[in-house]
Amino acid sequence: MKQRLMMILMMLGVSIGLVLASGQTAAAQTAGGCATPSFAPATNFGAGDVPFSVTTGDFNEDGNLDLATANQNSDTVSVLLNTCNPITDGDGDGIADSADNCPLVSNADQLDTDGDGQGNACDADDDNDDVSDTADNCPLVSNPNQADFDLDGIGDTCDPQTGPPRNKEQCKNGGFMRFDFPRTFKNQGDCIQFVNTGK
């Protein structure tokens, strides 16, 4: 019976404490603890006289399965309490909820662009500029003013190119010098010609 009890304990792969009928306790840690359940070297646990039956149940109502043995000759019960807190991963991304920056949305990479402790996968404002990602023309780079000189829908702060010009007003007051696509313009007239002709 003792071998059977040890096998069950090894299969559980958890931190445990054994409470005997006499009130004595003994504790042991299996290999890997709670985070990585695995088989561990055999550990002997005391029980009453001639343990003959093993059962499981949440005897202390903490949400973890415990073990109990009925002891035939001593008319006692030995209880082995599971003191390990189970690791929960509500979104199944391999990151424990207690460490997950998006516990309800799968994001194994834990990317958090703005460093606010909320992962991009569940953060409505990834760059913390007070503009929602769905309306932000640079969702990963802070740009609260949403400036977009070339009117291409990509904010100036994250736009890899400026251009082409869409109207002649953009060419005026030195604006022609800001464009780098489809080319740099020699002067205001060159920029306006592109707007009018596409050449």
Fill in the blank from the handout: Listed with the fewest Cβ neighbours within 10 Å leading, 168, 186, 199 appear as 199, 186, 168
Practice task
Multiply the residue gap between residue 83 and residue 42 by 0.36 nm, knock off their C-alpha separation, and tell me the result in nm, one decimal place.
Solution key: 12.9 nm
Handout entry: Spacing of the two label points (7 Å from each Cα toward its C-beta) at residue 145 and residue 111, in nm
Key = 2.8
Exercise for the section: Compute the separation of the alpha-carbon centres of region 151-175 and region 71-95 and state it in Å as a whole number. Expected result: 63
Exercise for the section: Multiply the residue gap between residue 180 and residue 99 by 0.36 nm, knock off their C-alpha separation, and tell me the result in nm, one decimal place. Expected result: 24.7 nm
Handout entry: Gyration tensor verdict on region 41-199 (Cα atoms; rounded if a/c is under 1.5, prolate if a/b is larger than b/c, oblate otherwise)
Key = prolate
Completion exercise
A chain fully extended from residue 122 to residue 166 at 0.36 nm per residue, minus the present Cα-Cα distance, gains in nm 12.3 nm
Completion exercise
Quick note on 61, 169, ordering by fewest other C-beta atoms within 10 Å, gives 61, 169
Handout entry: Neighbour-count ranking [beta-carbon atoms within 10 angstrom, fewest first] of 75, 126
Key = 75, 126
Practice task
Take the Cβ-Cβ distance between residue 152 and residue 193 as r, set R0 to 30 Å, and report the resulting FRET efficiency rounded to the nearest 0.05.
Solution key: 0.90
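Where a number appears in this text, it was derived from the coordinates with a stated rule and is not lab data. All figures in this text were calculated on a predicted structure; none of them were measured in a lab. We place every Cβ from the backbone using ideal geometry, glycine too, and count neighbours over all the protein chains shown.
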